[in-house]
1. Take peptides 106-112, 148-154 and line them up by average Cβ neighbours within 10 Å, highest first, as a rough protection proxy.
2. If the elastic network links every pair of Cα atoms under 10 Å, which of 235, 59, 213 fluctuates the most in the Gaussian network model of the chain?
3. In Å and from the alpha-carbon atoms only, list the Rg and Dmax of the chain.
4. Can you work out the accessible area per residue across the chain, with the rest of the protein chains kept in place, probe 1.4 Å, in square angstrom?
5. How big is the accessible area of residue 192 in square angstrom, nearest 10, if you roll a 1.4 angstrom probe over the protein chains?
6. May I ask you to compute the full-extension gain from residue 215 to residue 44, defined as 0.36 nm times their residue separation minus their alpha-carbon distance, rounded to one decimal in nm?
7. Find how much the distance from residue 171 to residue 204 grows on full extension, using 0.36 nm per residue of separation minus their present alpha carbon separation; answer in nm with one decimal.
8. For the residue pair residue 71 and residue 244, what label-to-label distance in nm results when each label sits 7 Å from Cα along the Cα-to-beta-carbon direction?
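The values are calculated or read from the model by the stated rules, or taken from the named source; none is laboratory data. Source: prediction; values computed, not measured. A quick note on method: Cβ atoms are made from the backbone with ideal geometry, for glycine too, and the neighbour counts reach across all protein chains shown. For accessibility, only protein heavy atoms count, side chains too; no ligands or nucleic acids. Shrake-Rupley method; radii C 1.70, N 1.55, O 1.52, S 1.80 Å.
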Amino acid sequence: MSVARTQTERFGANPFVVEGPIVAGSGIPGPNFTLGSVCWGDAEAEWVYCQLVLASQTTLQPGQWMQWDRDYSASLLTTAAAVVGNRCGVFSGAAQPSTITGGPVGTITLAAGTYYVWVQRSGQAPAVVSSGVTANLVVAETTTTAGQAAVPASPTVSTKQITPVSFGSANRTFTATTVSGSPILTGLSGASAGSVPFIGAAISGTGIAGGTTVTGITYSPNGVVQSITMSANATANGTGITITATGVLEVGLMWPYIAKVN
């Protein structure tokens with residue numbers, strides 16, 4: 001499968017661009033669309049246009065879970081803040097390199113203020129998860145970490161249920177060449193744009209330090225993944241090393257909502 005990367009059906013809309021901060025009297029228009037507007041694209045994707053008010057500096061990454069109310073006011077999802085009945089989805093990412101036509105590839109750090117974002121509610125998407133994903137599981141749950149969901153085999157007491165969603169697997173693998181002392185993975189096989197790995201994913205394998213994550217991905221002009229940047233240098237040289245990616249996985253969204261308290 002492959003996550004949604006393009007959108008062309010609503011003139012001027014770009015789900016991968018964050019609008020703002022919007023400051024009254026600045027002359028910068030906002031919002032640019034009616035709240036609750038929907039746009040759509042590939043991989044069965046739909047995005048909803050929402051307002052996001054941040055009280056402090058916040059870093060957003062593709063796949064973080066958000067909820068929104070009937071006024072289309074969005075917030076990062078946590079167990080404490082989740083409201084039963086609110087719709088939810090994932091943040092699509094903030095930007096994309098010029099060599100690829102859209103896609104959830106970039107994080108963004110925002111100052112406190114008012115912003116407008118497109119939140120994905122259907123189709124294939126990256127999703128930030130803690131652990132415990134079971135293939136084809138259609139229920140997830142909130143956690144205490146903002147923007148993160150858990151997908152355990154059985155519900156956790158006092159969390160809130162997110163449904164319906166579908167995860168294909170607990171992890172994804174690809175192969176790469178490592179160079180000791182370098183954070184760059186090359187010689188990639190099994191890594192593809194919109195599929196694996198995703199920004200923020202935890203990766204492990206021979207010559208990969210514990211706790212390493214994906215911080216960057218470079219593409220060729222036709223969208224082929226050329227290299228992956230890690231948060232830490234490789235500790236050994238290797239060719240055809242199997243790398244396992246977890247923590248940011250592909251999810252099938254089916255208009256999920258907060259269904260109940262577990």
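1. 148-154, 106-112
2. 59
3. In Å, with Rg to one decimal and Dmax whole: 18.2, 57.
4. Heavy-atom SASA per residue in the chain reads 42 Å².
5. Around 50 Å² of this residue is reachable by solvent.
6. Stretched fully, the residue 215-residue 44 segment lengthens by 58.9 nm.
7. Length gained, residue 171 through residue 204: 10.8 nm.
8. Those two pseudo-labels are separated by 4.6 nm.
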